[in-house]
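The values are calculated or read from the model by the stated rules, or taken from the named source; none is laboratory data. All of these numbers come straight from a predicted model, not from anything done at the bench. Cβ placement follows ideal geometry from the backbone for every residue including glycine, while neighbour counts extend to all protein chains displayed.
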Amino acid sequence: MMRQYELVDRVRKYNPQANEELLNRAYVYAMKAHGAQKRASGDPYFTHPLEVAAILTDLKLDDATIVAAVLHDTIEDTASTREEIDQIFGREIGALVEGLTKLKKLDLVSKRAEQAENFRKLLLAIADDVRVLVVKLADRLHNMRTLHFVPPEKRARIAEETLDIYAPLAGRMGMQHMRDELENLAFRNLMPEACAMIEARLSDLRLKNGAIIHKIEEELAGALSARGIVADVKGREKTPYSVWKKMERKSIAFEQLSDIFGFRLIVGTVEDCYRVVGIIHTKWPFVPGRFKDYISTPKQNDYRSLHTTVVGPGRQRVELQVRTADMHDIAENGIAAHALYKDGRANDTDVLSRESRAYRWLRRTIELLAEGDSPEEFLEHTKLELFHDQVFCFTPKGRLIALPRGATPIDFAYAVHTDVGNNAVGAKINGRIAPLLSELQNGDEVEVACAEGQVPPAAWEALVVTGKARSSIRRATRDAVRAQYAGLGRQIVTRAFERAGKPYTDEKLKGALPRLARASIDDVLAAVGRGEMFSGDVVKAVYPDFKDERKAGASANKAEAGWFGLKKAASLVFKVPGAAAPDAAHSIPIRGIGGDLPVSFAPNGGAVPGDRIVGILTPGEGITIYPIQSPALTAFDDQPERWLDVRWDIDDDRKDFFPAQIIVTAINEPGTLGMIASVIGDAGANIDHIEFVSRSPDFRDIVLDLQVLDLKHLNAIISELKAKPVVSKVERVNG
Ligand code: MN
């Protein structure tokens, strides 16, 4: 086990100002906290956080990161708390350790390969400090290095997760070295035979080509030193995993990959980089199109280097990368190479510019990380729903669901499955019952309670944030409305068949679907219910020889003619003879009106006792009585002087009639009007006037001016009409 002074020495080697006392305190605290805990290897558990810290000292990270690494498993695995760590080590370190604790909890979640991208984003969303991710990667690296102690059945899962999630994350953070090691450790575990085969052949190759590589190295170094340039020349080793990937991707044999040599030249200054390439190009012929200047135009992740390929000694193709030590550090360690370690490198005097450069780099990296690499994801999420606007939640079984920020359990439910959304009646967030409209947070575990046969309230449509939820709700409410229309349509169609004296079955209608150009029976019934299709046409489609006297087609006039045996215009008006109308204005029993002004009821709708009423004065003409709910009154809103407070003045034994207007929507078939008239007549009311408004061949809107005793009388008539099967709607008109 690494000793206390060893840890301090490692840090002081690159950071003489390191807080020795803080490092010692962390060492002692974590050692005590983990106590007798053991790892799978049988080693004391404490060796693990120490090794993680050691990996990070290789990356020359700052004190807080090193201390956080030493403490990274304390909150989760020991009796330690965030408060205690804040107290002993300060809030900065407390926040880092808590960030790592949150990430550790995610290890329990199943991570299927197809969710890896989301999971990487979740890591980022939860870790609000990049240093947390760097420690997490070091933690994973040490666990991978010691994976052979873990039971075999667990190994594959951890190795897969490393390949799917952590290695790409390291790559995106520019930590190429970390990525390579993670990938190769995972590869060795997942495909031990393939790995061994490639390793054996790589070492064969080293033996076989050893002489040639040495020769190239010597010639390169010689040519450069002759021009006074000091360069560190290194043959570039291929890693087993990178060879495997290339063989897989390009489906080529090992031999085809083995004939290229790669070298890396590390020099002192940027000018040296260009001079080196110049010298090499004059000494050996270069392969056209292979020179890349990533120094003047760095890659997006700040990778800087010159690349070229020449035909070297023995007509061997040689790939060269030329860069300074700083550039190399960034190429290998990415995010960790930047100003995360704030105490400054000896040769770096311009701290400010270095920090701002590091900041820019970080921002760019985060943007890169935010970009998904699967095209489906871009299709699925709109531009507005980018990563930093997302929340990541889990099902109780550990499935990861990515949602836009502001998403609710309803969105979550629809993301899980449309049926879950449609049947959702309640939700639990992290085990607690929560409103379906709560805003979800990163890492929430969401459980949706369902009830069969539920229709989502249409109002949800305005409250959800995902397109999927919105469209599903719209579809479900539309389906429900359609089902209502289909029910009404079935009623109309069966009656039409009865009238025609023809038997109806669904089977028969099914056979006629092509003639009706509809896909299903429900489509036909809903179309009839909505008034888009005439029931007579349905009968005719089933029984082509059927002759319908009402012969409707699309023309409303013809249908009406069928109804009354008349040829009429779309709107038809006639007076019912003998109806009693209050003919004299003075007979209207209203209180609150002085003088001899004529009083009349509002032209459309009238008013009946029981209505709350208001009088509107028109100078020189008289007073018009409106029910208080009449929409027509809004026209007088800005003329308060015309409003009169009036009241009914009725004797209990007086049996006068008062005008009221209703609209009845009813199925267009013989007998309908008679039925309506008899309901009204039986109730002891009069019909003063009837007007038919065109709607469709199967429906009519009938505007009826009635004479009724009072509001109670009118409401009784409306209820009775509504109860009739042929009537689909009754509404009072209020002027
Ligand atoms: Mn750990």
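What the table below lists for this structure:
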| quantity | calculated |
| --- | --- |
| Test: Ala221 is assigned by TED's automatic domain parsing to the domain that holds Phe254, under 18 Å from Thr309 (Cα atoms) and free of Cβ contacts under 8 Å to residues at least 24 places away in the same chain | yes |
| Glu691 being surrounded by fewer than 21 Cβ atoms within 10 Å (Cβ to Cβ) and over 27 Å from Trp648 (Cα atoms) | yes |
| Residue selected from segment 94-120 under the condition within 16 Å of the ligand (Cβ to nearest atom) and in contact with an Asp or Glu (Cβ under 8 Å, 6 or more places away or on another chain), by the criterion modelled with the lowest pLDDT | Lys105 |
| Residues of segment 279-323 that turn out to be over 22 Å from His214 (Cβ atoms), polar (S, T, N, Q) and touching a residue at least 12 places away in the same chain (Cβ under 8 Å), as a count | 3 |
| Residue identified as basic (Lys, Arg), away from the ligand (no atom under 16 Å from the Cβ) and surrounded by fewer than 17 Cβ atoms within 10 Å (Cβ to Cβ) among Arg157, Arg145 | Arg157 |
| Answer residue from segment 33-74, given it is among the hydroxyl-bearing types (Ser, Thr, Tyr) and assigned to a helix (DSSP H, G or I) and is farthest from the ligand (Cβ to nearest atom) among those | Thr57 |
| Any pair with Cβ under 6 angstrom, 6 or more apart, that starts in segment 719-735 at a residue that is under 13 Å from Met675 (Cβ atoms) and ends at one that is small (Gly, Ala, Ser) | Val726/Ala666; Val727/Ala666 |
| Matching residues in segment 682-706 - criterion: being in a loop (DSSP other than H, G, I, E, B) and touching a Phe, Trp or Tyr at 6+ places or on another chain (Cβ under 7 Å) | Pro697, Asp698 |
| Selection count where residues are within 20 Å of Phe534 (Cβ to Cβ), among the small types (Gly, Ala, Ser) and part of a helix (DSSP H, G or I), scope segment 469-505 | 5 |
| Inter-residue pairs, beta-carbon under 8 Å, first over 20 Å from Val132 (Cβ atoms) and in segment 169-195, second outside any helix (DSSP H, G or I) and modelled with pLDDT under 95, 6+ apart | Asp180/Thr239; Glu183/Thr239; Asn184/Thr239 |
| Residues satisfying the stated conditions in segment 278-313, i.e. among the hydrophobic types (A, V, I, L, M, F, W, C) and in contact with a Pro (Cβ under 9 Å, 6 or more places away or on another chain) | Trp284, Val310, Val311 |
| Any hit, segment 634-648, residues being modelled with pLDDT of 80 or more, under 53 Å from the mean Cα position of the chain (by Cα) and surrounded by 13 or more Cβ atoms within 10 Å (Cβ to Cβ) | yes |
| Residue count for segment 75-88, restricted to those that are part of a helix (DSSP H, G or I), more than 12 Å from the ligand (Cβ to nearest atom) and surrounded by 21 or more Cβ atoms within 10 Å (Cβ to Cβ) | 1 |
| Filter pass, Arg10 being within 16 Å of the ligand (Cβ to nearest atom), under 19 Å from Asp139 (Cα atoms) and among the basic types (Lys, Arg) | no |
| Boolean, Gly35 is over 44 Å from the mean Cα position of the chain (by Cα), within 21 Å of Met144 (Cβ to Cβ) and among the small types (Gly, Ala, Ser) | no |
| Which listed residue is at pLDDT below 85 and among the aromatic types (Phe, Trp, Tyr), from Phe291, Phe286, Phe263 | Phe286 |
| Where a residue in segment 263-274 is more than 13 Å from Leu224 (Cα to Cα) and in the same structural domain as Asp293 (by TED's automatic domain parsing) and its partner, wherever it lies, is surrounded by fewer than 21 Cβ atoms within 10 Å (Cβ to Cβ) and of a type in the set (A, V, I, L, M), with Cβ under 9 Å and at least six apart | Phe263/Ile213; Phe263/Val233; Arg264/Val233; Val270/Ile295 |
| Qualifying positions in segment 681-727 - over 55 Å from the mean Cα position of the chain (by Cα), over 16 Å from Pro659 (Cβ atoms) and of a type in the set (D, E, K, R) | Asp682 |
| Failed item, numbered, when Lys655 is tested on (1) part of a loop (DSSP other than H, G, I, E, B); (2) in contact with a strand residue (DSSP E or B) (Cβ under 7 Å, 6 or more places away or on another chain) | (2) |
| Test: residue in segment 642-653 that is aromatic (Phe, Trp, Tyr) and either free of Cβ contacts under 8 Å to residues at least 40 places away in the same chain or over 16 Å from Leu706 (Cβ atoms) (or both) | yes |
| Test result for Ala424, in contact with a Pro (Cβ under 8 Å, 6 or more places away or on another chain), farther than 14 Å from Lys397 by Cα and free of Cβ contacts under 8 Å to residues at least 40 places away in the same chain | yes |
| Residue in segment 547-557 that is modelled with pLDDT under 85 and not in a loop (DSSP other than H, G, I, E, B) present | yes |
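Yes/no per residue for (1) surrounded by fewer than 18 Cβ atoms within 10 Å (Cβ to Cβ); (2) among the aliphatic types (A, V, I, L, M):
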position	(1), (2)
Phe187	no, no
Cys195	no, no
Arg206	yes, no
Ile216	no, yes
Gly228	yes, no
Glu248	yes, no
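For every residue, the table says whether it meets (1) under 18 Å from Lys722 (Cβ atoms); (2) touching a Cys at 6+ places or on another chain (Cβ under 6 Å); (3) at pLDDT 85 or above.
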position	(1), (2), (3)
Phe658	no, no, yes
Ile663	yes, no, yes
Ile667	yes, no, no
Thr672	yes, no, no
Ala677	yes, no, yes
Ala683	yes, no, yes
Phe692	no, no, no
Ser696	no, no, no
Ile702	yes, no, yes
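Rundown of residues vs (1) of a type in the set (Ser, Thr, Tyr); (2) closer than 30 Å to Ala541 by Cβ, yes/no style:
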| site | (1), (2) |
| --- | --- |
| Gly406 | no, no |
| Val420 | no, no |
| Glu439 | no, no |
| Trp460 | no, no |
| Thr466 | yes, no |
| Ala469 | no, no |
| Gly489 | no, yes |
| Val493 | no, yes |
| Asp506 | no, yes |
